[in-house]
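Down below is the structure, laid out as structure tokens.
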Amino acid sequence: MSSFRRFLRGFRFAYEGIKYAFDTQRNMKFHFFVAFLVFFASVILGLPHWDVLFLLLAVVLVVMTELINTAVEKAVDLAMPEQHPLAKIAKDTAAGAVLAAALFAIVVGIVVFYGPVDRLLRQAQSTASANMPGMVWTLVALVMLVTLVIETRFSDRGKLVRPSLLSAVLTALATLISALSGQTIVTLLSYTLAGLALMVLAEKKHRALPSMLLGAVIGIAITLIAWMWRGWS
């Protein structure tokens, strides 16, 4: 077998490994979804190439550690099918590497997006007026209505993901707080609180991650569209 064919064969094996991790690991799907949102935002905001490179480095680091974590888990399960303290330590340590990479990616994202988001928030805050309380509650009602319509009318069980109503409302409120305050630190705190609330919801109510993500996308999208429409009118 020629060296070139061996290279192609190794490339195919590597691709199969990535595909397996994406098909079977829920965390890997979440990483790819977040990476899509990050790069989409970088295009919309027109980030310079150095910032995009830092984002790419953070994303690749998270994906690499998740792949290594999956490999360690499968190897440990093969070598030690029954529960063993050392097997737990190996899995926990590999998961810790993923957590460290994810924290690094979060820090990179905050540093890179802080300036552009801060400028956008200041522009959004300048459009606020005295009739904002009425618009806020109208917008929250609109988010709830759209989510309920999608959940009951277009999302049959087993076919499409049913969006989480609470996730849509929480992210809509976080987006409104961010737009009204015009301060990036308030934005970080509001979305952090919304994220913590959603984590508690997922743990206590056993809500599926796709359902919560879809609700979050609906809440943020409707709020941003309504805010921009208000600014244009």
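The values are calculated or read from the model by the stated rules, or taken from the named source; none is laboratory data. Keep in mind that this is a model prediction, so the values were computed, not measured. When we count neighbours, we look across all protein chains shown, and the Cβ atoms used for this are built from the backbone with ideal geometry, even at glycine. When the accessible area is computed, the model is the full protein with side chains, heavy atoms only, and any ligands, DNA or RNA have been set aside. Shrake-Rupley method; radii C 1.70, N 1.55, O 1.52, S 1.80 Å.
Observations on the structure shown:
- Screening ALA202, ALA179, ALA197, ALA168 for residues that are over 19 Å from ALA41 (Cβ atoms), among the aliphatic types (A, V, I, L, M), open to solvent by less than 70 Å² (accessible area, probe 1.4 Å) and modelled with pLDDT under 80 leaves exactly one candidate, ALA202.
Condition check ((1) more than 18 Å from the chain's Cα centre (by Cα); (2) open to solvent by less than 40 Å² (accessible area, probe 1.4 Å); (3) farther than 18 Å from VAL107 by Cβ) across all residues:
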site: ARG9; (1), (2), (3): yes, no, yes
site: PHE13; (1), (2), (3): yes, no, yes
site: ALA41; (1), (2), (3): no, yes, no
site: PHE54; (1), (2), (3): no, no, no
site: ALA79; (1), (2), (3): yes, no, yes
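- Where helices (runs of 4 or more DSSP H) fall wholly inside region 1-88, the ranges with 3 or more residues that are within 27 Å of VAL117 (Cβ to Cβ) and in the same structural domain as VAL108 (by the TED database) are 26-45, 49-79.
- Checked against (1) closer than 29 Å to MET212 by Cα; (2) under 23 Å from the mean Cα position of the chain (by Cα); (3) of a type outside the set (A, V, I, L, M), LYS91 meets all criteria but (2).
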